[in-house]
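Everything on this sheet refers to the single structure shown next.
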Amino acid sequence: MKKERRPLTEFLLKELILQGLFILAVAYVVLYFFHGIKVFTVSGESWMNIFYLTEFAVLQCLVLVCVLYFTGSLNGKDVKRTVLKRFLTFSPCIVAVLFLVLVFAAPSFLPSSKPDAVNFFTALAIFIGGAAFGFLIPYGGRKLVKLIKARIEYRKTHPKPPKTAKERRKKIAVTSQFAQEGLEKTELSPGEVFPDLLAIDKQFEEKPYRPQPYSNLSLKQICDGFNTYLESRHMYYTPETIRSFVAGMACSHFLILEGLSGTGKTSLPKYFAEYVGCSACFTPVQASWKDRSDILGYYNDFTAKFKETPFLRALYSASYRTDDINLMVLDEMNLSRVEYYFADFLSVLELDTEVWKIELMPVSTKGKLPAALVDGCSVKIPSNTWFIGTANKDDSTFTITDKVYDRAVIIDFSRRNEAAGVTPEVKSIHLGANELIDLFMEAVGTSDYNLSREDYAKFKTLSEFMLDKFEINFGNRIMNQIRAFVPVFVACGGTSAKAIDIMFSRKILRKLEGRFDDGLKAGLTKLEELVIELYGADDFSETLEAIAKLKRKLL
């Protein structure tokens with residue numbers, strides 16, 4: 001396996017400088033030791049020449065470090081630049097060689113007498129040997145520490161053999177049994193591979209789940225009550241944000257709350273779970289996450305157990321609470337690339353709910369498996385589960401790709417909301433998952449809430465302009481989301497024009513971010529005029545604000 005190279009960070013740079021100073025100090029000590037005990041007497045000229053060479057060596061190291069730190073490579077863009085760059089990089093070494101030639105070939109180069117070549121090169125050999133010894137001291141120390149750690153780990157996994165005859169006979173009997181059955185020890189006594197999930201099975205076996213009575217509220221009553229509930233806890237959101245959150249759950253099981261830090265992205269699902277009486281699992285995403293094992297866990301061969309995560313336990317528990325809304329919140333989800341650890345979920349959520357499952361292990365062991373796992377060792381994603389990610393926009397995060405944006409409903413948190421006044425205390429309700437889905441279906445089935453022919457005609461004009469002017473097109477997925485989003489948004493108390501405005505600005509117009517094409521600003525101005533002509537400034541305020549932001553970036 002190829003060894004991974006360490007990047008030349010500032011910490012590593014300081015470490016290399018300290019190591020270099022240590023090596024030089026050891027080399028001088030060794031040379032002085034030989035000189036002091038009269039084994040070899042170093043002349044004054046040899047001391048001076050070695051000191052000059054040390055200066056050249058230090059200068060050469062500094063030049064190399066600077067070249068590698070600031071450019072990352074010694075290679076130029078073409079042959080001439082490469083030759084020139086390498087000549088300039090190794091110029092201290094070239095000057096050192098010329099210095100030795102002049103010292104021993106041209107005695108008049110130095111004011112002192114011609115140095116003794118034998119004395120100088122012998123002293124130089126001792127100096128180089130001392131430097132090599134100084135290099136081996138920390139290198140050997142690190143190797144020794146690794147050896148000791150490896151020995152300790154080996155002792156942990158390989159206990160000492162039995163000392164007494166009774167212990168030896170017992171071990172021989174057990175080993176013979178394993179050999180006859182052709183099994184490993186972990187397979188004969190597997191135990192519980194998923195101890196936490198089995199504990200959840202036992203919990204619901206002792207106390208079976210019973211759905212609570214419904215609240216029998218409309219979507220508008222739920223949104224208005226939730227907004228008042230938030231204000232009573234000094235959290236302030238616009239009605240469009242609340243409606244977008246509820247309507248977003250109707251058209252996708254994956255929502256992204258994106259915007260400025262401190263605008264209440266994490267608080268919104270937290271208080272929604274409190275208001276409707278459901279559970280919410282908050283998982284802080286780490287920058288080191290690379291695959292699904294970071295979010296779901298992994299099987300440990302040494303312990304013969306699956307390393308279960310809080311995310312996996314909450315997802316598994318939702319299989320029993322069939323009528324409770326289950327929110328899986330991924331806090332600061334773009335600290336790592338979403339496709340790295342969430343790719344399986346992005347793919348599965350595109351399929352029918354009957355096949356919403358993620359395989360935890362390819363092959364089951366002989367251990368006792370949880371009852372709610374399906375197809376061996378696959379965890380099911382219940383239809384009452386919604387995944388909500390919060391994302392900040394700053395230099396510490398990764399850009400979310402179109403693949404992720406297209407599958408999610410985006411809720412923008414670009415501005416802070418103000419208090420509307422003193423709000424009375426509001427009690428929480430109970431909203432079941434099946435009740436919420438029924439309300440969504442009722443809204444979609446109401447013709448007055450759906451897109452009218454006029455809405456389709458205006459949106460078609462807007463879409464054709466985006467394709468002709470900016471070469472931006474979108475597929476059936478986004479159109480299906482709009483068809484589900486609009487009626488639910490209207491049922492929550494909004495208008496169809498505002499719903500189209502929100503979806504257009506966050507799903508389609510967002511695709512222009514990061515583009516600096518020629519004529520883009522002129523095209524945005526024409527788009528602005530078309531939007532005002534079709535919908536007006538009030539109904540399409542989100543789109544007009546997004547256009548203004550794009551135009552400001554082009555200045």
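Coordinate-derived values only; no laboratory data. Values in this document were obtained by computation on a predicted structure and should not be read as measured data. Cβ placement follows ideal geometry from the backbone for every residue including glycine, while neighbour counts extend to all protein chains displayed.
Each peptide among 470-479, 425-434, 266-275 gets the average number of other Cβ atoms lying within 10 Å of its residues, and from highest to lowest they stand as 266-275, 425-434, 470-479. Calculated from the alpha-carbon coordinates, region 289-412 shows an Rg and a Dmax of 15.3, 48 Å respectively. Of the peptides 404-415, 215-226, 500-511, the ranking by mean beta-carbon count within 10 Å, highest at the top, reads 500-511, 404-415, 215-226. Using R0 = 41 Å, the C-beta based FRET efficiency linking residue 521 and residue 477 works out to 0.85.
Counting 0.36 nm for each residue step from residue 347 to residue 461 and taking away their Cα separation leaves a gain of 37.9 nm.
If the segment from residue 428 to residue 441 were pulled out straight at 0.36 nm per residue, it would be longer than the present Cα-Cα gap by 2.3 nm. The modelled label-to-label distance for the pair residue 102/residue 452, using points 7 Å beyond Cα in the direction of Cβ, is 9.2 nm.
Taking label positions 7 Å along the Cα-Cβ direction at both residue 545 and residue 298, the computed distance is 4.3 nm, reported to one decimal. Convex hull volume of the C-alpha atoms in region 320-384, normalised per residue: 120 Å³. Among the listed pairs 357/460; 220/551; 290/403, those whose Cα-Cα separation exceeds 28 Å are 357/460; 220/551. Enclosing the Cα atoms of region 194-295 in their convex hull gives a volume equal to 162 cubic angstrom per residue. Stretched out straight at 0.36 nm per residue, the stretch from residue 532 to residue 378 would grow longer than its current Cα-Cα span by 50.3 nm.
Using only the C-alpha atoms, the convex hull of region 423-465 corresponds to 156 Å³ per residue. Cβ-Cβ distance of residue 121 and residue 91, R₀ of 25 Å, FRET efficiency by 1/(1 + (r/R0)^6): the value works out to about 0.60. Shape verdict for region 397-526, please, from the Cα gyration tensor: rounded (a/c under 1.5), prolate (a/b greater than b/c) or oblate. Since a/c reaches 1.5 and a/b is larger than b/c, the shape of region 397-526 is classed as prolate. Within the same chain, aspartates and glutamates fewer than 8 places from residue 526 are excluded, and of the rest, those with a Cα less than 16 Å from its Cα are 464, 468, 471, 517, 518, 545.
Placing R0 at 25 angstrom, the Cβ-Cβ distance between residue 22 and residue 62 gives a FRET efficiency of 0.90 after rounding to 0.05.
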